[in-house]
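This report refers to the structure that appears directly beneath it.
The values are calculated or read from the model by the stated rules, or taken from the named source; none is laboratory data. Just so we're clear, the structure is a prediction, and the values are computed from it rather than from any experiment. Glycine also receives a Cβ, built like all others from the backbone with ideal geometry; neighbour counts cover every protein chain displayed.
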Amino acid sequence: MTNLQIKNKFQKELSGLYPKEEISSFFYLLAEEYLQIRRVDIALDPDKKVSEQDQNKFLSALSRLMEEEPVQYIIGVSYFYDLPFKVNNKVLIPRPETEQLVDWIIKISKTKNEKVKILDIGTGSGCIAVSLAKNLPETEVWALDISENAISIAKENAKINQTDIHFIKTDILTTKNIVERFDVIVSNPPYVRELEKEKMKNNVLKFEPELALFVEDEDPLLFYKKIADFAKDHLIAGGELFFEINQYQAENTLKMLKNKGFQNIELRKDIFGNDRMIRAVYSTSAKGIAD
Ligand SMILES: C[S@@+](CC[C@H](N)C(=O)[O-])C[C@H]1O[C@@H](n2cnc3c(N)ncnc32)[C@H](O)[C@@H]1O
């Protein structure tokens, strides 16, 4: 088969499942990965023959796409904040909304001109921790996750991107043995309620780890409350807490942080116009406030 014949086969087989442009972008991504050629090379030489071995790679990717597996898991890489991250189905695929959260932290930290210490809670692929460490080279970055598999992928990603991060495997809901203090704590914890499942796409539901996504309907702020309490014990005075949030829980999350005594609380929207991230400052006067 030629480049063009494979491309046409992708369009034909996947047409009921994905929009035309998305199918093209899958094909070009795979061509870059398997043939090390770019879109322009294919346009210039559409009739170039693809070896049998490479054809098989495309056909295997095609059947995985037909099962709605995310293309990032098929090629094993996802790009976040312009950096490569190894991914598999044990870690969430980094999202563009989360890049905005990272960007916010980087911009604020750069204005401070101090060597800061940051903790990323629920690090997954390590995308937040690694991109912060890479862009704030003076910073000491720590990252934790409950999942051994996630920690091991995050460690690989720290290495791939030449960053030095302190990793801890622990459950943030019960942990008692972290003695460090931080200038910044950031988290994108599980925040999707079970009741939101019906609005979600198959590629997420069938392939991304449940542990990274879901929280019980009855207690949607479980992680946020625990992390806010943890932050009161582990942030320096004036330290900052950053959250990625569930767009349907913005009001409740703001109220919870206010009730716990956090100050200068700011809510921002993501590129899609949804309430998506919060920054809150910890002042020592919040210490005695229970909730
Ligand atoms: C929404 S994902 C975020 C992953 C990554 N930080 C990102 O932004 O793409 C949430 C992460 O929290 C971790 N997690 C879930 N429950 C946890 C717990 N009790 N303690 C620590 N981490 C937990 C999951 O393993 C997952 O990696």
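Let's see how each residue does on (1) touching a helix residue (DSSP H, G or I) at 6+ places or on another chain (Cβ under 6 Å); (2) within 21 Å of residue 200 (Cα to Cα); (3) hydroxyl-bearing (Ser, Thr, Tyr):
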site	(1), (2), (3)
11	yes, no, no
25	no, no, yes
32	no, no, no
64	yes, yes, no
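Which of the helices (runs of 4 or more DSSP H) found entirely inside the stretch 29-132 contain at least 1 residues meeting this: more than 16 Å from the ligand (Cβ to nearest atom) and surrounded by 22 or more Cβ atoms within 10 Å (Cβ to Cβ)?
Working: elements: 39-44, 52-66, 71-75, 96-112.
Where helices (runs of 4 or more DSSP H) fall fully within the stretch 29-132 and carry at least 1 residues being more than 16 Å from the ligand (Cβ to nearest atom) and surrounded by 22 or more Cβ atoms within 10 Å (Cβ to Cβ), they are 52-66.
Filtered by the rule that a residue be more than 10 Å from the ligand (Cβ to nearest atom), under 20 Å from residue 104 (Cα atoms) and either free of Cβ contacts under 8 Å to residues at least 24 places away in the same chain or under 15 Å from the mean Cα position of the chain (by Cα) (or both), the stretch 139-164 gives no residues. Here residue 230 passes the criteria (1) within 15 Å of the ligand (Cβ to nearest atom); (2) among the aromatic types (Phe, Trp, Tyr); (3) touching a helix residue (DSSP H, G or I) at 6+ places or on another chain (Cβ under 8 Å) except the one numbered (3).
Per this entry, residue 201 is not counted among residues that are modelled with pLDDT of 95 or more and either within 30 Å of residue 26 (Cα to Cα) or among the basic types (Lys, Arg) (or both).
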